[in-house]
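Data block below; observations after.
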Amino acid sequence: MGKNGNISSSVIKRLPRYYRFLGELQKQGIERISSRELSERMKLTASQIRQDLNCFGGFGQQGYGYHVESLHEEIGKILGVDKCLDTIIIGAGNLGKAIAMHINFESRGCRLTGIFDSNPRLTGETVGDIAIRHTDEIEEFCKLNHPVIAVLCIPKTSTQEIADKLVGLGIRSFWNYSHYDLSIDHTGIVVENVHLGDSLLTLTYRTNKLAEE
């Protein structure tokens, strides 16, 4: 929590980028870095970096800059990578399987504990070391294991219904890939909508504008 207890969403969205860049600096063996040097690498202003970090108390020293390992660790704690939030995936199609296989949940404060799909032909198939369960088992699984995050890789038409059911089973947060702008009418629920197609359209727009210059 920041000094005023109210951190803007834009600052929060930049934190993972700080964490990633600092992790790369660690791998390069860099022990300390100034806000100016960090700004050059991240294409942000030095004042923006200082303002962002000051929201959480500030971590630099005048004339020294930032200790890379310590700052990386502190930002990791702010992001919650030291936690272990049990997570399930709903939808074991190509996207759901790819996320299960290629996202390192553990390094991001989560632990993948279950994968579900409504297709009975997928039941029992393993993704990594996790067996796919039928969606009929979600209620029993949630009551026994108490996951708090759900990754939704399901058709748009069924997203709201399943999300409402999951909230009733204790899910507090959704990473939503369903192309449905999920709006949960429940208190204390967090939703992160991911629209891969929108991102590609943004890229094509910018590419076309570049070609016109």
Whichever residue in the range 85-98 is out of contact with any Cys (no Cβ under 7 Å at 6 or more places or on another chain) and part of a helix (DSSP H, G or I) and, among such residues, is surrounded by the fewest Cβ atoms within 10 Å (Cβ to Cβ) = Asn94
Boolean, Asp86 is in contact with a Lys or Arg (Cβ under 8 Å, 6 or more places away or on another chain) and more than 30 Å from Ile162 (Cα to Cα) | no
Filtered residues of the range 138-150 (kept if loosely packed, with under 14 Cβ neighbours inside 10 Å and assigned to a helix (DSSP H, G or I)) | Glu139, Glu140, Lys143, Leu144, Asn145
Subset of the range 106-120, residues out of contact with any strand residue (DSSP E or B) (no Cβ under 7 Å at 6 or more places or on another chain) and either among the hydrophobic types (A, V, I, L, M, F, W, C) or not in a loop (DSSP other than H, G, I, E, B) (or both), comes to Glu106, Ser107, Arg108
Expected single match for exposed (fewer than 13 other Cβ atoms within 10 Å of the Cβ) and hydrophobic (A, V, I, L, M, F, W, C) among Met101, Met42 is Met101
Positions within the range 112-130 being within 27 Å of Val81 (Cβ to Cβ) and surrounded by 13 or more Cβ atoms within 10 Å (Cβ to Cβ), in sequence order = Leu112, Thr113, Gly114, Ile115, Phe116, Val127, Ile130
How many of the residues making up the range 157-213 are at pLDDT below 95 and of a type in the set (Lys, Arg)?
-> 2
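The values are calculated or read from the model by the stated rules, or taken from the named source; none is laboratory data. Note that this is a predicted model, so its numbers are computed, not measured. A quick note on method: Cβ atoms are made from the backbone with ideal geometry, for glycine too, and the neighbour counts reach across all protein chains shown.
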